[in-house]
Each structure stands twice: as structure tokens, then as C-alpha cells.
Amino acid sequence: MNYATIKKCDIANGEGVRVSLFVSGCTHRCKNCFNEVAWDFSYGEPFTADTEAEIFTELEHGYVNGLSLLGGEPFEPQNQRALLPFVKRVREKFPQKNIWCYTGFVLDEKTGLLKEENKNTECTAELIRCLDVLVDGPFVDELKDISLVFRGSSNQRVIDVQKTLQSGKIVLYLE
């Protein structure tokens, strides 16, 4: 997996100060995407053990609330396979930090998987279970609303993943 950038002091992509990893590769091709350069799976740099160590160093700061995963698209199958072991290590090393993820796919509350079945892999369910908050749904330019918190268009949902998985119905983290 390649990544486009790492923001080490991000306040736009989740609550509090965050370390944000922008992965490369996205097949959504949303009109007026804010990060079109990251559609290319080859864009950026390879995600390596050194990259992971750099993120861990930043997550050690007490003022950092957690990790945000964005893109590109974290839930593209090849990205899921690279992100799952990384996210599991983040969970183990930083249990007090929360993990947010942004995806253009849609969470199916009944299955705990993506509604886009062809994007589910052997990693999908476990990766979703590792998350605290999932912002789901494609960016829709016609539904763009700059007053929304932590999302770009009104079709997107900010989901409390753990409560959703427990209840079997979507529980919003933010309305």
C-alpha cells in the first residue's frame, strides 16, 4: 500500500488533535473530491515499518486524541489488507486513543460489513471492529454542505462503530 501523506497535528478529520494517514488508491472518483491526487494507487510513498514507527512516535504525544484513516480509500481491498495489521498494532500500543476512518463505501449495520459486497475481504469485519468512528458514504458534490461537522456532504454519516455493532442498527456518533 502507498500513502499520500501523514498529517501529524490534524484537527479537521475527527475530534481533537489527530494523526491522519491518507492512503493512496480510490475507485470512487467523486466529483470535486478534495484529494483527487490520491485516487492513484501508486501515488505517494510505500507504507513501511519506518512509516508505522513515525506514526507511533506521533501517537505517543499526550495531546493527540487518536488516529484518522482517510484517502484515497482505506476500504479498497488492497488497502484493507495493509491497514488491518497496522490498526491492530495501534489498538494494542495505544488503547486509550480512538481510531476514526473515512470511507466512500456504506456500512451495513445488519452484517457489520460494507454494503458494496465486492469490496469486502477476509479483513473487512475485523478492520471495522477495530474502529471507533466510521464516516461512511461517498462525497456527493450536489449535497455538499460546509456547515456539517467532520463530513463533506449530507448523505455521509458519522457512525459510532462499537454501538452500531452491538445493537445491529446504525448509531450515529454525531447527528
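Among residues of region 110-123 that are over 22 Å from K163 (Cα atoms), those with a beta-carbon under 7 Å from a residue that is among the polar types (S, T, N, Q) and surrounded by 15 or more Cβ atoms within 10 Å (Cβ to Cβ) at least six positions away or on a different chain give the pairs T121/Q80.
May I ask you to list the residues in region 60-95 that are among the small types (G, A, S) and in a helix (DSSP H, G or I)? Passing the criteria: only A82. Inspection of region 45-68 identifies no residue that is free of Cβ contacts under 8 Å to residues at least 40 places away in the same chain, touching a helix residue (DSSP H, G or I) at 6+ places or on another chain (Cβ under 7 Å), buried (at least 18 other Cβ atoms within 10 Å of the Cβ) and within 27 Å of I146 (Cβ to Cβ).
Residues in region 48-67 that are β-branched (V, I, T) and under 15 Å from G14 (Cβ atoms): I55, V64.
Name every residue in region 1-19 that is surrounded by fewer than 23 Cβ atoms within 10 Å (Cβ to Cβ) and either assigned to a strand (DSSP E or B) or within 12 Å of the chain's Cα centre (by Cα) (or both), in order of residue number.
Matches in region 1-19: N2, A4, T5, I6, K7, K8, C9, D10, N13, V17.
Can you find, within region 130-150, the residue that is surrounded by the fewest Cβ atoms within 10 Å (Cβ to Cβ) among those that are farther than 17 Å from P77 by Cβ and among the charged types (D, E, K, R)? Only one residue fits best here, namely E142.
I'd like to verify a number: residues in region 20-44 that are in contact with a strand residue (DSSP E or B) (Cβ under 8 Å, 6 or more places away or on another chain), surrounded by 15 or more Cβ atoms within 10 Å (Cβ to Cβ) and assigned to a loop (DSSP other than H, G, I, E, B), how many? Total satisfying the criteria: 6.
Take the residues in region 96-109 that are touching a residue at least 60 places away in the same chain (Cβ under 8 Å) and outside any strand (DSSP E or B); name whichever of them is surrounded by the fewest Cβ atoms within 10 Å (Cβ to Cβ).
The residue in question is E109.
Bear in mind these aren't lab numbers, they're just calculated from the coordinates by the rules spelled out. Owing to the predicted nature of the structure, the values given are computational and were not obtained by experimental measurement. Neighbour counts are summed over all protein chains in view; Cβ atoms, including those assigned to glycine, are modelled from backbone coordinates with ideal geometry.
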